[in-house]
Amino acid sequence: MSKEGYAVEGRQRDIDFHLPGNQPEMTPDETRLRVEELRAYYGKSLAVNNVTLSIKTKKVTAIIGPSGCGKSTFIRCLNRMHEVTPGARVEGKVLLDGGDLYGSGIDPVEVRRRVGMVFQKPNPFPTMSIYDNVAAGFKLNGSRDRRIIEDKVEKSLKMAALWEEVRSDLHKPGTSLSGGQQQRLCIARALAVDPEVLLMDEPCSALDPIATAKIEELIHELKDSVTIVIVTHNMQQAARVSDYTAFFYLGELVEFGATGDIFTTPEKRQTEDYITGRFG
């Protein structure tokens with residue numbers, strides 16, 4: 001595998017951010033993302049304080065905690081979205097397959113291709129068709145072959161469990177779809193560039209129960225091919241969809257472990273109090 005070396009703080013690291021599809025196959029329980037001593041700021045305000053954890057490949061990791069505890073800020077750090085906010089900055093390391101995403105010379109755009117994101121509110125491109133919404137990111141990667149693009153659009157919509165619902169209406173605006181369909185369209189758009197990690201920031205909070213169930217079913221299917229990190233305020237949802245759960249409080253990681261352990265035998269009193277509804 002061809003790699004490009006780059007220096008980080010005087011040490012040489014090897015990571016390739018330019019050749020899609022060339023990452024070695026990883027087995028479950030291997031670490032895909034490693035966060036080390038992460039701190040995130042808005043100006044002088046510290047929003048995430050000294051978080052260290054490992055995110056396993058082809059697993060779903062849920063981030064839970066009360067409003068304002070740093071959940072969304074944390075996952076925005078995982079693909080360098082946090083830094084687009086004026087005055088925001090990050091300290092620490094985010095390692096993807098061992099390479100520091102904040103290392104010298106790393107292109108944030110390429111980081112966001114490898115670590116895709118789906119937001120709380122569905123945000124299809126309003127002036128684009130369903131087809132063009134999915135094809136947009138793939139085209140930006142340089143592909144102009146119509147057949148390849150068509151195949152990628154169909155594959156991505158199938159992965160997002162949307163193909164059968166829209167295959168005859170690909171020319172219609174993405175905004176013509178229902179809320180749940182729009183969210184799955186955004187997932188298809190993210191999947192079209194073959195990310196290794198998919199971040200989901202409360203993807204079901206604006207959806208009805210039926211649409212929520214479809215997204216949860218989709219998450220179960222997608223984890224066979226992509227590592228998923230989901231922020232959710234719904235603890236029942238975290239218990240249903242995730243393999244691991246991290247509980248955040250006041251910007252700090254209180255407890256992290258297998259979801260079954262976190263929800264049945266948490267080690268920290270704060271975790272137990274939150275899960276049982278004593279606060280939050």
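The values are calculated or read from the model by the stated rules, or taken from the named source; none is laboratory data. All values reported here derive from a predicted model rather than from experimental measurement. Ideal geometry is used to build each Cβ from the backbone, glycine not excepted, and the neighbour counts take in all protein chains shown. Heads up: the accessible areas ignore ligands, DNA and RNA and are worked out on the full protein's heavy atoms, side chains in. Shrake-Rupley method; radii C 1.70, N 1.55, O 1.52, S 1.80 Å.
Whenever a residue of the stretch 151-167 is free of Cβ contacts under 8 Å to residues at least 12 places away in the same chain, its partners that are surrounded by 16 or more Cβ atoms within 10 Å (Cβ to Cβ), lying with C-beta atoms within less than 6 angstrom and at least six residues away or across chains, give the pairs TRP163/LEU157. Scanning the stretch 204-249 for residues that are of a type in the set (Lys, Arg), part of a helix (DSSP H, G or I) and touching a residue at least 40 places away in the same chain (Cβ under 8 Å) turns up just one, LYS214. Against the criterion of being touching a Lys or Arg at 6+ places or on another chain (Cβ under 9 Å) and at pLDDT 95 or above, PHE263 does not qualify. Candidates are the residues of the stretch 50-76 that are open to solvent by 30 Å² or more (accessible area, probe 1.4 Å) and under 14 Å from the mean Cα position of the chain (by Cα); the one that is farthest from ILE262 (Cα to Cα) is ARG76.
Condition first: in a helix (DSSP H, G or I), open to solvent by 70 Å² or more (accessible area, probe 1.4 Å) and in contact with a helix residue (DSSP H, G or I) (Cβ under 8 Å, 6 or more places away or on another chain). Now tell me which residues in the stretch 150-167 satisfy that. Selection gives GLU165 alone.
Does VAL118 qualify as being at pLDDT 95 or above and in contact with an Asp or Glu (Cβ under 8 Å, 6 or more places away or on another chain)? When the stated conditions are applied, VAL118 passes them. When the test is whether a residue is surrounded by 14 or more Cβ atoms within 10 Å (Cβ to Cβ) and in contact with a His (Cβ under 7 Å, 6 or more places away or on another chain), GLU202 passes it. Consider the stretch 259-280 and keep the residues that are touching a Ser or Thr at 6+ places or on another chain (Cβ under 8 Å) and free of Cβ contacts under 8 Å to residues at least 60 places away in the same chain. The one that is least open to solvent (accessible area, probe 1.4 Å) is ILE262. Consider the stretch 87-113 and keep the residues that are of a type in the set (A, V, I, L, M, F, W, C) and part of a strand (DSSP E or B). The one that is farthest from VAL226 (Cα to Cα) is ALA88.
List the residue pairs whose Cβ atoms are under 7 Å apart, where the first residue sits in the stretch 78-91 and is in contact (Cβ under 8 Å) with a residue 24 or more places away in the chain, the second is open to solvent by 50 Å² or more (accessible area, probe 1.4 Å) and of a type in the set (Asp, Glu), and the two are 6 or more positions apart or on different chains. Pairs found: ARG89/GLU83; VAL90/GLU83.
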